[in-house]
Every structure is written in C-alpha cells, then in structure tokens.
Amino acid sequence: MDSMVFDTSQSPIIYDSAKRGHPAIEELRQIFHYRYLIAQLVRRDVLIRYKRSVLGIAWTLLNPLGMMVVLTLAFSQIFRFGEIKSYPSYVLSGLLAWTFFSQVTTAAMVNLVWGGGILHRIYLPRTSFALAATGTGLVNIALSTIPLLLILIVTGVPLSLNLLWMPLPILLLACFSLGVGLMLSTLAVFFPDVSEMYQIVLTAWMYLTPIIYPEEILPETIRFLITTFNPVHYFVKLYRVSVYYGRVPSPSEFLIPTGVALVFLIVGWFVFTKKADEFAYRI
Amino acid sequence: MNLLTESETPPHYSISSKDIIRLENASVRYRVPSERIGTFKEYIIRLLQGRVKHKTFLALSDVNFGVRRGEVFGLIGQNGAGKSTLLKLVARVLQPSSGRVQVAGKVAPLLETGAGFHAELTGRENVYLNGAMLGFTHQEMAKKFKDIVDFAELWDFIDAPMRTYSSGMWARLGFAVATDVDADILIVDEILSVGDDAFQRKSSERIEAFRQKGVTILLVSHNMSLVKQICQRAAWLDQGKLMDVGSVDIVVDRYLQSVRDKENRRLMEEQVETVDRRWGSKKIEITQVRIYDELKQPQHIFYTGQSLILEMNYLAHETVDSPVFGIAIHRQDGLHLTGPNTAFSGMNLGKISGSGKMIYTVPHLPFLPGKYYISVAAVKNDDTEIYDYHDRLYPIQIDNENRGIFEKYGLITLQGEWQHER
C-alpha cells in the first residue's frame, strides 16, 4: 500500500507511530514540548502542600528548623567532637540535602502510581511526574536556604564566598534523585509493594549516611564502606563543603558525585522510557 | 502518487487520501503475567527459578482503516471488542505493538468529568493545569479562560477550591475545559451524559458546533440510534478484529444482526439445560420442538408482528383417544400471557398412535420487546392425566431494534389503526 497517500494539505502529520525515535530521545523531545505542563505540576505541588495550613509556605522554612532543634537537643550532648564547630548548622545542612533526596524519590514514585490514571486518557510525557517532583524539591530546598543562612549566622559559622558553590551540589543531587526516582517509579508500577518497602529502606539509608552524626565517629572499616558505597554521602558531603565548611571542593569531591549523578540519571532515564509504553495499561 | 484505484482494494477496507487518521495493520498486544506476582521478592525468586511467565493478550489485531477529515465516525462493538484500545492508539496513550498509526491533526480527548483536577486547587488553577495537560501554554489558556468559565457557568465559584464543588459543577468545568480546544480531532468515549438536562443539551450543541466547524469526531457508543443519527461512517470491532467498516447504516445493521445471531445461539443452547421442568406419563412423548419464522428458518428472536411457527414431533407409545395438544407463553417474570390448545380450537384428533407432528402457526406475534418462554404439553382430553409437559423450556425474544416499530407501552400491540375525521 502506498503510504504516501495521506492528506497533509490542511495540517501536517503530527503523529506517526512508525516514525518514533528511540524512546529515551523521544521522551526528551516531548518533555521540551510539554515544559509548561511541568511548571504547572510543580506549581500545583508547591501550592497544595500547605494550602490548608494557616502559615502556608512558611512551613517549608519551619519544618527543617524544627527538625534541627529536636535533633540538636537530642544529639548535641552525645557527639562532642572538635570537628563540629556548630552542630545545628551541621545537622541542618545534612538534613536539607537528605530531605531533598527522600522527598523527590518518594514523590516521583507516588505521583506516578497514584496520579498516573490520567495516562489512560490522554498523552503526557511519562517522565512529567518525576520531573515535577524534582522541580518541587528544588523549590523547597531553595526556600530552605533562608533558614539555613540564618542558623549559620546565629551559630557563628563564618560565611564565605564559597557559599556560591551551593547550586552545584544541589543540581547534582537533583540529577541523582531524578535517576533513582525514575528507577523506583518503574519498579513501583510493576510491584505495588515497592513504595511501602522504600519507606523502610529510606529510614535505614538515612542512618547509614552521616547526616546527624559526623562521619569521624564511625569505626574505620564501616566508615570506608559508607563513604565509598553510599552514593548519597557524596552529595551530602559536597553540599556541606560549600555551605558548612565554606571551602572550594577538591577535584575528587566534585568529580565523583558528578559521575555518580550522570550514571544514575542516564540509566534511570533509559530504564523508565523503555518500560513507559506499558504504563498505560499497568497503572 | 496514488497508483491504486479504489476498486483494487476491497471496498470496505479502502484507505482514502482524505484520511486524517489512518491505521495500517495496527495490533496491540498486552503483556500480562499469567499469574499475579504481588511482591518484588517473589518476582526475584521466580525470576531465578525461571518461572516468570507472561501471556500476551491481543487487544487489537491487524486493523486497517482510515477516518476522513471532517466526518463523524462511530466505533461500535460489544464490551471488550477493542474500541477503547483503538481510541488510545489515536490519542497516543498506547503504542501499536506492530503496524502503524498516523494522525494528521491535533487530537483532543474528551476527558471523563474532569480527570486530572485536584480538589485542593481552585477552579481557576485547575483550568490552567488541565489546559497544560492538554498541551496548552499559560498564554493560550488565558485567552480561553473567559469562554470556559462562561460555558461552565461557574463565575461565582471559580476561585474556590474544587473540593467545595458539587459533582455537577465538577463535570461542567471538566467538559468546558476539554471542549474549548482548537483540535482537529475530538474523541468522545460514551460520556455525553454529564450534568443535568440543560447542560446535556448544551453539550450536544457544542459537539454539533464542532462538527460544523469541520472537526473530525471519533465516537464510541453503545447507543445504536445515536450512532446512526450522528455518524456518517462506522467501524465494527469484535474481539480486536475489524469486522466491517463503511457507511453507518450498513455497518450498524450488520452488527445488530450478528448480535441477534449470537443471542439466538445462546437461546438455543439454553433450552437444553433444564431437565427437571419436564414431567408426564409419557404415553405420548413430545420428542422435539422447533420454532421457525415465516421463512421456515429456525429462529429465536422475533419482532412484534412477525409470524411464528411452532412444530412439535410426538411419539405415542400406545394408542390414545383424542389427546389435547397445547402451548403456553409466559413472560420472563412468570406472567401467563396465553394458552391455546387443540380443544379450544374445536379440534378432535381421534385415536392416535406412533409418531406425528403438531404445527401451531401464529400469524402475527402481538408481544412487545422482552423475553418470553414457551411451554408445550400433551394431556388427556378430560385434563386428568398429563402425558408430557415441557414447562417453559423454549425461550424466545422479541427485539424491535432497528425494525421501525416504536410501540412500547404495556405488554402487547393491538395492531390497530388510527383514523382522523373532522
């Protein structure tokens, strides 16, 4: 059959299933086309989170502060180390990075599994949900910079120009979290138990990451294992280098997380887009 | 470029150059686990044991047809025929597993009563969000915003969270957003039933306005008179296969005929099952009962006014003097409608033995649509002995769909005539 016979005089063929490129590339193209949708989804997530509370968006600032106060009261007496000049600043910086990771990965998965019903009806780029989750995380961590700076000043941590490095670790952490979020979403579509299980994994993972304790208190072998094989550690460390330690990251402190973030993002993107066509009848 | 003439391709599979949607050998295979594997752990164990089995389910199989620009095109078929799968292919929600789908225009699916709305957001925020899901930018939505709210008649509530909306308001806003689009193709999936009567009228008017603007409409419906009324052409799907495509009247008639045939077969099989509804001394045995239409074709589905012929073969095991044969017709709920027999008709059969056949002819069935059961019996002439009784063993159906018979009140038609004098 002559497939050129097709009326394109009034509007060009805007969809041809035979001319789709590689799913991973096609998805990128569609995401660009639907960028306004992602902005709207981020807006929605930020708006609805605190919509019913009186203080509203102020909770984005108050939440980490409250956590920080609790943890400081609980642990500052236990961890007495010369290394830690200001435990509140140390724990808050770690907490912000960790919260970003855990929220983005959880939201990417939950938004797709619970909100993905729309995919039965209309076409949306399937990565929209994970991208919107990452965008929401970025808004939150950007807002949290205000209480962070406040605590740094109050507890006497010297502010240096090296604070300007801060966007870099956040960006890398965002790539890494998006990659993990995409892999988790794919798994969660096929295995509903994954999202419950992940909450337990997150709790364990947090305690295996030097967030509330300094890595120096760990025994040598465990410290080696955690600082080498726990990918989140690299990002938390890099974030702290700029905001807490106020110095320029060393090449390895910068290059390793960059590599880790890219590998996770690319693998996550390919795995997700390879399976995404099945989502419409699996969710 | 068009080297094929219409006559070289089979008439109802022809693909025209005016197509706006085209499917070429389009198939959709769903891959589903043959057993449900609930947990990840179980999956890993089974994967290592090599016990993960998938079965594929063919939702659409080698479908070929085109939809022409500007027509209203109906998709018909029973549940599970693949209609929704086909819509999803056109809406890009699903990819064909093999074959090709081409769409030459922007597709707007008519969303189910505001799918994608968020209860905590205001109506206004949701309009923009829903617009974004349909692929519109903020500026484009800003231009449409007034019309959308006008149509939904929701100006008083547009800045209130949608959780405060009634379900009717929710549906109205959903319909208003979904249809305020400059699309070339509108997908309507059996949802012209939101809101109150006034809003339904408004909705149908809007669909009609789309049609007049030259928007191609792809409609799925089980309402055959609606399909005949608004579609020009239709495709009939059955178990994922395209059975027919072409002018709506022909396709719908063929479809209805096949539904009737299927029902006929089901009724025929049904009558074999009931054994304990037969009794009698069997001095005369009714060995076979057959029901025909006026053309002597075995039939179980009739229309009001059609002829029915019932034949019963009997075998008298001994000589019986003047037996009475009769039938009874009950409505499905047990209402006894009629009970003619040979005695009422003044017929004396005399002494009978061996085999023979009784034939009862109904010139015009008076019953209105529904399901009816026929009983047959042979009894002694003074009613003191039942030779053989088949209690409601033979179902028939009266179905006037597509027959141009509109009477519907009560049980029967009197087949009377009206005259007007002045």
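None of the figures in this text is laboratory data; all of them are computed from the coordinates on show. Given the structure is predicted, the values throughout are model-derived calculations rather than measurements. Don't worry about glycine lacking a Cβ; one is built from the backbone with ideal geometry, like all the others, and counts go over all protein chains shown.
To check my understanding: the extent here is largest minus smallest coordinate of the Cα atoms along each principal axis. What are those three numbers for chain B, in Å, largest first?
Cα extents, longest axis first: 93, 83, 57 Å.
Taking each pair of different alpha-carbon atoms in the protein assembly as shown once, compute 1/r for the pair, average those values, and report the inverse of that mean as the Kirkwood hydrodynamic radius in Å to one decimal.
This gives a value of 31.4 Å.
Magnitude of the Cβ-charge dipole of the protein assembly as shown, K/R +1 and D/E -1, about the Cα centre, nearest 20 debye?
My answer is approximately 2080 debye.
Using only Cα atoms and rounding to the nearest 10 degrees, what angle (0 to 90) does helix A:251-275 make with the longest principal axis of chain A?
The helix A:251-275 is inclined about 30 degrees to chain A.
Using the Kirkwood formula over every pair of different C-alpha atoms, what hydrodynamic radius in Å results for the range B:102-180?
For the range B:102-180, the Kirkwood estimate is 12.5 Å.
Averaged over B:64-77, how many beta carbons belonging to a partner chain fall within 10 Å of each residue's beta carbon?
Mean inter-chain Cβ contacts per residue within 10 Å come to 1.
Taking only Cα atoms, what is the 0 to 90° angle, nearest 10, from helix A:23-33's long axis to the longest principal axis of chain A?
Roughly 80 degrees, rounded to the nearest 10.
Please state, to two decimals, what the Cα-based radius of gyration of the range B:278-398 comes to when divided by 2.2 N^0.38 Å (N = residues).
It is 1.05.
Taking neighbour Cβ counts within 10 Å as the exposure measure, how do B:M133, B:M268, B:M224 sort from fewest upward?
Going from sparsest to densest Cβ surroundings: B:M268, B:M224, B:M133.
Can you tell me how much longer the chain between A:F32 and A:L73 gets when fully stretched, taken as 0.36 nm per residue apart minus their C-alpha distance, in nm with one decimal?
10.1 nm
In Å³ and rounded to a whole number, note down the convex hull volume per residue for the Cα atoms of the range A:199-252.
Cα convex hull per residue, to the nearest whole number: 93 Å³.
Helix B:123-133 versus the longest principal axis of chain B: what is the Cα-based angle in degrees, 0 to 90, to the nearest 10?
So the inclination is approximately 90 degrees.
Using the Cα centre as the reference, give the magnitude of the dipole from point charges on the C-beta atoms of chain A (Lys, Arg: +1; Asp, Glu: -1; all else neutral), rounded to the nearest 20 debye.
Numbers: 20 positive and 15 negative charges, 120 e Å.
The dipole magnitude comes to about 580 debye.
Can you give the Rg to Rh ratio for the range A:15-72, taking only C-alpha atoms and Rh from Kirkwood?
1.31
Given the options B:T384, B:I405, B:H420, identify the residue whose Cα lies farthest towards the positive end of the charge dipole of chain B (+1 on Cβ of Lys, Arg; -1 on Cβ of Asp, Glu).
Farthest towards the positive end: B:I405.
Which listed residue (A:V263, B:S281, B:P96) has the Cα farthest towards the positive end of the charge dipole for the protein assembly as shown, taking +1 on Lys and Arg C-beta and -1 on Asp and Glu C-beta about the Cα centre?
A:V263
Looking at chain A, what % of the alpha carbon pairs are farther apart than 30 Å?
37 percent
Please report, in debye to the nearest 20, how large the charge dipole of chain B is about its Cα centre when each Lys and Arg carries +1 at its beta carbon and each Asp and Glu carries -1 there.
About 1440 debye.
Within a 10 angstrom radius of each residue's Cβ in B:94-101, how many Cβ atoms of other chains show up on average? Whole number is fine.
Average neighbour count from other chains, rounded to a whole number: 4.
Please compute, over every Cα-Cα pair in the range B:365-422, the percentage with a separation greater than 13 angstrom.
Result for the distance tail: 73 percent.
Among A:V157, B:V28, which comes first, then next, by fewest other beta-carbon atoms within 10 Å? Walk me through the numbers before you get to the answer.
On the way: A:V157 20, B:V28 24.
By the 10 Å Cβ count, ascending, the order reads A:V157, B:V28.
Ranking request for peptides B:277-286, B:386-395, A:236-245: highest mean number of other beta-carbon atoms within 10 Å first, then the rest in descending order.
Highest mean packing first, the order is A:236-245, B:386-395, B:277-286.
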